[in-house]
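Colleague: Have a look at this one before I ask anything.
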Amino acid sequence: MVNKYQKKVLVMALFAGELMMKYGAEVYRVEETIERICHACKIDYVECFATSTGIFLSLDSGKGDEDTHTFIKRIRHNDIDLKKISQLNNFSREFTTTDLSIDEGFQKLRDIESGLKYPVPVRIIGAIMIGISLCFIIGGSIPDSICAGIIGGCIYSISILIDKLDFPLFIRTFVGCAICSALAIIFYTIGLCDSIAPVITASMSIYLPGVAITNAARDMLSGDMLAGVSKFTEAILLAIGIAGGVGIVLKFYSLWYSGHQTTIATSHPMWTISICALFAVLGFCILFHSPKNTMIYTCIIGAVGQIVMQYLISIDQSLAIACFAGACTLAILSEFGSRAGKDATTVFIIPGIIPLVPGALIYRTMLTLLEGDMSESASLAFSTLVTALSIAAALVVISSLTRLLVKITNRIIVRYKSKKSN
């Protein structure tokens, strides 16, 4: 029978798990946090199963003659807020290592939930930085980059208004990408930019499902198949929304003018790409509400990952291998940052990984599909999937190796201390 104390613990643990899932934490981290909170309160027989849309928590007394009690929490809204992920990670550590009471824990969780985001003008500036930086990284000219920044700021402002109307995610993505394409065409038509493709690709990057694809692959490779399939479905819907929004506008445009450039321009020197990667990651840090004390390090590791990827591409390595190496570098540095700052690796990985995500491939896949070249579209879609899987595989490999090393190190320390005490 569940007593009042146990019920309060379970409700608080579910509340913590709900917040973590809502703000972008990994499935395994949510499950571990809930179980850790319960174990800290002397509730030993607990099983937790989390997906992106719900959390299931079962309590058992450990005796065969008593019933199992199950609690369910529906997750209805997902967002990425890395500052709150960091705070929830610190809360979990504090609650399990101190004598914090249940009521005090509830109050801390409510304070975290009601925490303020970065001001809207600051986030708009972040979107402008992303558009400018990513356009330059993928080979756009300076006028292209400026236009991409302006469009990025505009569509982010519009997306805030659309969010308030509570439209489905597909509609928000469709409308935002359609506006993005229309603005890019207008700027190109009046001569403000040199080509359309890099402007659209960079400015619509806030809608690209790169994080969803990568997280879906990470979950599936880690064994969380249901969560992975759910996130992968979300990524497909986002990709369809992007293809629909951009494709319809480009289709109408091509009906009366077919001379626009759709290819990505040539690449720029490595040092300029590195600087742009820094600012692109900083922009995503702002949009994802990263803790201020992690931003500088996150920008550095994001730029290092971009440098590794660009270098391997320059020596004729495949994009999948280059992305794998860049993601491995970023993941290793994120693990160091996580241990040094006692923070979740998610705080470093999510903003840093964005410049590696194949946004240009997604755009080209959509464009060839629109033009009716099914074989080329299928080839590009396969390349996009392989590249995303290579990024996810790199993150999973480094994370698994890090956990293994931590377990081995802890066992060695325990054995050493036991031998020393004897």
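Colleague: What's the number of the only condition in (1) surrounded by fewer than 18 Cβ atoms within 10 Å (Cβ to Cβ); (2) charged (D, E, K, R); (3) over 23 Å from R76 (Cβ atoms) that D144 fails to meet?
Modeller: Single failed check for D144: (1).
Colleague: Within the range 123-234, considering only helices (runs of 4 or more DSSP H) that don't extend past its boundaries, which have at least 1 residues that are closer than 17 Å to I350 by Cβ and acidic (D, E)?
Modeller: Helices (runs of 4 or more DSSP H) meeting the threshold: 210-221.
Colleague: Of all residues in the range 279-303, which are touching a residue at least 60 places away in the same chain (Cβ under 8 Å) and either under 23 Å from D144 (Cα atoms) or assigned to a helix (DSSP H, G or I) (or both)? Please lay out each step first, then the result.
Modeller: Our first condition is that a residue be touching a residue at least 60 places away in the same chain (Cβ under 8 Å); within the range 279-303, this holds for 279-291, 294.
Correct list: F279, A280, V281, L282, G283, F284, C285, I286, L287, T294.
Colleague: Would you confirm, using the coordinates I've provided, whether K108 is surrounded by fewer than 22 Cβ atoms within 10 Å (Cβ to Cβ), of a type in the set (D, E, K, R), in contact (Cβ under 8 Å) with a residue 24 or more places away in the chain and more than 22 Å from C180 (Cα to Cα)? Full working, then the answer.
Modeller: Numbers: surrounded by fewer than 22 Cβ atoms within 10 Å (Cβ to Cβ): yes; of a type in the set (D, E, K, R): yes; in contact (Cβ under 8 Å) with a residue 24 or more places away in the chain: no; more than 22 Å from C180 (Cα to Cα): yes.
Answer is no for this residue.
Colleague: Which residues, counting only those in the range 112-122, are over 20 Å from L278 (Cα atoms), part of a helix (DSSP H, G or I) and hydrophobic (A, V, I, L, M, F, W, C)?
Modeller: Passing the criteria: I112, V120.
Colleague: Does I354 meet the test of being of a type in the set (A, V, I, L, M), touching a Gly at 6+ places or on another chain (Cβ under 9 Å), modelled with pLDDT of 75 or more and within 17 Å of T329 (Cβ to Cβ)? Spell out the reasoning first.
Modeller: Values: of a type in the set (A, V, I, L, M): yes; touching a Gly at 6+ places or on another chain (Cβ under 9 Å): yes; modelled with pLDDT of 75 or more: yes; within 17 Å of T329 (Cβ to Cβ): yes.
Yes, satisfied.
Colleague: Among the residues that make up the range 342-362, is at least one of them within 25 Å of I155 (Cα to Cα) and among the charged types (D, E, K, R)?
Modeller: So far as the range 342-362 goes, no, none of its residues is within 25 Å of I155 (Cα to Cα) and among the charged types (D, E, K, R).
Colleague: From the list I102, I72, I85, which one is aliphatic (A, V, I, L, M) and surrounded by 19 or more Cβ atoms within 10 Å (Cβ to Cβ)? I'd like the intermediate steps shown before the answer.
Modeller: On the way: I102 fails: surrounded by 19 or more Cβ atoms within 10 Å (Cβ to Cβ); I72 fails: surrounded by 19 or more Cβ atoms within 10 Å (Cβ to Cβ).
Answer to the selection: I85.
Colleague: Identify all residues within the range 178-212 that are among the polar types (S, T, N, Q) and either farther than 11 Å from C147 by Cα or in contact with an Asp or Glu (Cβ under 9 Å, 6 or more places away or on another chain) (or both); write none if there are none. First the steps, then the outcome.
Modeller: Taking the range 178-212 first, the residues among the polar types (S, T, N, Q) are 181, 189, 195, 201, 203, 205.
The answer is S181, T189, S195, T201, S205.
Colleague: Check off (1) more than 18 Å from the chain's Cα centre (by Cα); (2) surrounded by fewer than 19 Cβ atoms within 10 Å (Cβ to Cβ) for K117 and give me the number that stays unchecked.
Modeller: Among (1) more than 18 Å from the chain's Cα centre (by Cα); (2) surrounded by fewer than 19 Cβ atoms within 10 Å (Cβ to Cβ), K117 violates only (1).
Per-residue answers, yes or no, for (1) of a type in the set (A, V, I, L, M, F, W, C); (2) at pLDDT below 75:
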residue	(1), (2)
R364	no, yes
E371	no, yes
E376	no, no
L385	yes, no
S390	no, no
A394	yes, no
R403	no, no
T409	no, no
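Colleague: Step by step: first the residues of the range 156-194, then only those that are buried (at least 23 other Cβ atoms within 10 Å of the Cβ) and without any contact (Cβ under 8 Å) to a residue 60 or more places away in the chain, then the one that is farthest from V120 (Cα to Cα). Which residue is that?
Modeller: C193
The values are calculated or read from the model by the stated rules, or taken from the named source; none is laboratory data. All values reported here derive from a predicted model rather than from experimental measurement. Every residue, glycine among them, receives a Cβ derived from its backbone with ideal geometry; neighbour counts consider all protein chains shown.
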